[in-house]
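One structure below.
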Amino acid sequence: MATATEQWVLVEMVQALYEAPAYHLILEGILILWIIRLLFSKTYKLQERSDLTVKEKEELIEEWHPEPLVPPVPKDHPALNYNIVSGPPSHKIVVNGKECVNFASFNFLGLLDNPRVKAAALASLKKYGVGTCGPRGFYGTFDVHLDLEDRLAKFMKTEEAIIYSYGFATIASAIPAYSKRGDIVFVDRAACFAIQKGLQASRSDIKLFKHNDMADLERLLKEQEIEDQKNPRKARVIRRFIVVEGLYMNTGTICPLPELVKLKYKYKARIFLEESLSFGVLGEHGRGVTEHYGINIDDIDLISANMENALASIGGFCCGRSFVIDHQRLSGQGYCFSASLPPLLAAAAIEALNIMEENPGIFAVLKEKCRQIHKALQGISGLKVVGESFSPAFHLQLEESTGSREQDVRLLQEIVDQCMNKNIALTQARYLEKEEKCLPPPSIRVVVTVEQTEEELERAASTIKEVAQVVLL
């Protein structure tokens, strides 16, 4: 009985074999052959080995040279050749033992050496000591920090403010606190390096639009809107941000904020506004680009700025609605993990705010001086002025590049050096060339402050013209 059953099964197998498609048989045959090969082949091959003598090993070690940890840097690189400053970098600055009129430091309102600011810092130094030795969540929150945050919020007319101990880390920490992997950030190609680092840390999808080109931004927003319609479920969880600067550090130009606000509401995005150059500069009371344009500050989701320019202190701040700012106290890396701002610098910033509120006319004075030197620098043979006429930091670029960035840098540095010899302190704009997303062209940066007299502005302009004619001809 068992034998008959076995014969019947064998017959069925042979019959199934005849009825199976040809490709099926070929595939099964290949698989069987592959399994047989794997079973009988060696899993690895022994390589022939020849032992080296001690002498041969030593010779090989002698010949081997590891790759350098960092690429070679020429000894004449600007980063290795410092200009040494003696004394405060205020209106007059002593550089390498030579007194010059300062057109390089971002001391826009002249508060760096102000007696009231220094007295406030000194009083705080005597009360609290030098540093804090701890982040805000670990005994690093002092009453003066809370006072400064309250004052900044009231000055900017927002619900709340948060301060950071390092200006660069402010926007670089704020962006990744909100924008995460999978979110989309539309950012101006001229955005400063701090914004770029924040975007990199966020790991979001970055879409660059042409500098201040609202048509190009709307094109990208429309493309994203069409993409969202294909997958509405995914679109509901994606956040969209527009990141811009009030006054751009790399160009000295102002953002078209009214158009940006319209696009924000049209395409349901959030605006992050970096105002390190425009805070304490633009607007009737120095509140920045929102006051300059008359835009409701509630239309902006987050404003950030450093306190290292107009306030002549250190650190930075963000301001906005309470629920937005409170999130940074839990997620802002620079806030959570860095030692908090030294109390003496917080006290200095508070006193600087007092002076700004007491003297609102200071902003009109600064604007007029910017216009004066901007006009005086027009028409320099070989150089062009880049930036708004009311921007206190703008650029001088070569009208025509030599075709070599290194040569362009050398020419501009020669102008800077010769101006220094004539007691005018300027500086080139510096960039991490291999790190920049969109590397700006080489330029001389000119910084205007309220302390510079009309005569000094005229002398600086005539000196730059005179030197440029000699160097560029």
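The values are calculated or read from the model by the stated rules, or taken from the named source; none is laboratory data. Not measured: the values here are computed from a predicted model. Positions of Cβ are generated from backbone atoms using ideal geometry, with glycine treated the same way; all protein chains shown enter the neighbour counts. With ligands, DNA and RNA removed, areas are computed over all heavy atoms of the protein, side chains included. Shrake-Rupley method; radii C 1.70, N 1.55, O 1.52, S 1.80 Å.
Brief remarks follow.
- Candidates Leu60, Leu52, Leu39, Leu46 - the one that is within 60 Å of the chain's Cα centre (by Cα), outside the structural domain of Glu406 (by the TED database) and modelled with pLDDT of 85 or more: Leu60
- Remark: pairs (first residue in the range 431-450, under 25 Å from Pro71 (Cα atoms); second residue surrounded by fewer than 13 Cβ atoms within 10 Å (Cβ to Cβ); Cβ separation under 9 Å; 6+ apart in sequence or on different chains) = Leu439/Glu433.
- Counted residues, the range 109-152 - those being at positive phi, open to solvent by 60 Å² or more (accessible area, probe 1.4 Å) and in contact (Cβ under 8 Å) with a residue 24 or more places away in the chain: 1
- From the list Leu432, Leu439, the lone residue that is open to solvent by 70 Å² or more (accessible area, probe 1.4 Å) and in a loop (DSSP other than H, G, I, E, B) is Leu432.
- Whenever a residue of the range 204-221 is closer than 22 Å to Leu439 by Cα, its partners that are aliphatic (A, V, I, L, M) and part of a helix (DSSP H, G or I), lying with C-beta atoms within less than 7 angstrom and at least six residues away or across chains, give the pairs Ile206/Leu199; Lys207/Leu220; Phe209/Leu217; Phe209/Leu220; Met214/Leu263; Leu217/Leu263.
- Scanning the range 451-461 for residues that are part of a helix (DSSP H, G or I) and either assigned by the TED database to the domain that holds Ser278 or touching a residue at least 12 places away in the same chain (Cβ under 8 Å) (or both) gives Glu454, Glu456, Leu457, Glu458, Arg459, Ala460, Ala461.
- Qualifying position, being open to solvent by less than 70 Å² (accessible area, probe 1.4 Å) and in a helix (DSSP H, G or I), among Val446, Val385, Val416: Val416
- Residue count for the range 103-149 under the criterion of being more than 14 Å from Glu351 (Cβ to Cβ), in a loop (DSSP other than H, G, I, E, B) and not hydroxyl-bearing (Ser, Thr, Tyr): the result is 16.
- Checked against (1) in contact (Cβ under 8 Å) with a residue 60 or more places away in the chain; (2) surrounded by fewer than 22 Cβ atoms within 10 Å (Cβ to Cβ); (3) in contact with a Lys or Arg (Cβ under 6 Å, 6 or more places away or on another chain), Asp183 passes all but a single condition, namely (1).
- The residues in the range 80-108 that are of a type in the set (A, V, I, L, M), open to solvent by less than 60 Å² (accessible area, probe 1.4 Å) and closer than 17 Å to Arg430 by Cα can be counted, and the count is 1.
- Residue match in the range 410-420 (condition: in contact (Cβ under 8 Å) with a residue 40 or more places away in the chain and touching a Cys at 6+ places or on another chain (Cβ under 7 Å)): yes
- Looking only at the range 388-403, and only at residues there that are open to solvent by less than 20 Å² (accessible area, probe 1.4 Å) and in a loop (DSSP other than H, G, I, E, B), the one that is farthest from Gln413 (Cα to Cα): Ser391
- Whether a residue is surrounded by fewer than 20 Cβ atoms within 10 Å (Cβ to Cβ) and under 25 Å from Ile295 (Cα atoms) was assessed, and Glu159 passes this test.
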